[in-house]
Amino acid sequence: MSIRILLVDDHAIVRAGYLALLAKQSDLQVVAEAADGNQAYQAFKAHSPDVVITDLSLPGISGLEVIARIKQRDAKAKILVFSMHQQPSFALQATRAGALGYVTKSSPPEELLRAIHDVYAGRPTLSADIAQALALAQVGGERMALESLTVREFEILRLLVEAKSAEEIARILNISAKTVCNSHYLIKRKLGVDNDIALTRLALRLNVVSLLEVSAVATNTP
């Protein structure tokens, strides 16, 4: 029997490339595609795939939120993250959200194929580069503080650093603005900062979001 896959990535060209790779494998079948988080969740409900392969950077709700929602619907769902992010913090948060595997897009195609079979079999798996990054990650107080954040707090932090307002974050994550504000306060307390400038600097230092991404947000802000 073929392993039935839901492929989630917001770039059509990227999806086409990996569809071609997966189509060459006799035991793999892509049964659905999605370009954003909401589409991914609906496709999961409609097709019940054996394995979900998802990026983390998606329009609207992020890959982390997609993982959490899918796992809430089906605790046995098998999810593999396939992302450009090589920071250990993203792999840790993806695992906490419920992903079984994490492979970076800079990995050889063989690593993705191996990871699909590992996740289908219920085995946790990491690409070699992210495994090394996790092994070499600093264990200082700042990184330990970052790892103390819940998945929801980590997602709110990412959106805050992208200059999203409490109302925008509430809409994206389908929670109340009051919950966002309360989480904002808890995040600063956990990370030991007392203002948003310090919070952004810490997030950059710990690679929660790259300086390039922040600059792009600033440039596009009216």
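The values are calculated or read from the model by the stated rules, or taken from the named source; none is laboratory data. Everything numeric in this text was worked out from a predicted model, so none of it was measured. Positions of Cβ are generated from backbone atoms using ideal geometry, with glycine treated the same way; all protein chains shown enter the neighbour counts. Surface areas here come from the heavy atoms of the whole protein model, side chains and all, with no ligands, DNA or RNA. Shrake-Rupley method; radii C 1.70, N 1.55, O 1.52, S 1.80 Å.
Here are the numbers for the structure shown:
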item: MRE, 222 nm, helices only [DSSP H, n ≥ 4, -39500 (n - 2.57), over the chain, to nearest 500]; result: -17000 deg cm²/dmol
item: Qualifying trypsin sites (Lys or Arg not before Pro) for the range 10-56 [loop in DSSP, other Cβ within 10 Å: at most 12]; result: Lys24
item: Shape call, the range 23-125: gyration tensor on alpha carbons, a/c limit 1.5; result: rounded
item: Once the Cα gyration tensor of the chain is diagonalised, semi-axes √(5λ) in Å; result: 30, 19, 16
item: Unit charges on C-beta of K, R, D, E only; dipole of the range 19-92, Debye; result: 220
item: Charge tally in the Cβ shell below 11 Å around Lys45, where Lys, Arg are +1 and Asp, Glu are -1, Lys45 excluded; result: +1
item: Calculated from backbone phi, Karplus (6.51, -1.76, 1.60) coupling profile of the range 179-193 in Hz, x at Gly/Pro; result: 5, 4, 5, 5, 5, 4, 5, 5, 4, 4, 5, 5, 8, x, 10
item: Amide hydrogen neighbours beyond the local backbone of Thr125, cut-off 5 Å, H modeled; result: Gly101, Tyr102
item: The range 65-116, relative contact order in percent, only Cα pairs under 8 angstrom and at least six apart counted; result: 39
item: Fraction of beta bridges assigned by DSSP in the chain that are antiparallel (%, nearest 5); result: 0
item: Lysines with Cα under 30 Å of Lys76, excluding same-chain neighbours fewer than 8 positions away; result: Lys24, Lys45, Lys105
item: In Å², nearest 10: area of Arg152 left accessible to a 1.4 Å probe; result: 80
item: Nearest 10 degrees, 0 to 90: helix 63-73 Cα axis against the chain principal axis; result: 70
item: Difference of contour (0.36 nm per residue) and Cα-Cα distance, Gln72 to Val31; result: 12.6 nm
item: Using alpha-carbon coordinates, inclination of helix 12-23 to the longest axis of the chain, degrees; result: 40
item: The range 22-85, relative contact order in percent, only Cα pairs under 8 angstrom and at least six apart counted; result: 32
item: Rel. contact order, % - alpha carbon contacts under 8 angstrom, at least six apart, the chain; result: 14
item: Reach of Lys164 by Cα under 23 Å, taken over lysines that are not fewer than 8 positions away in the same chain; result: Lys178, Lys188, Lys190
item: Size of charge dipole - the chain - debye, nearest 20, with Cβ of Lys, Arg +1 and Asp, Glu -1, no other charges; result: 520
item: Net lengthening on full extension, Asp196/Ala46 (0.36 nm per residue, minus Cα-Cα); result: 49.9 nm
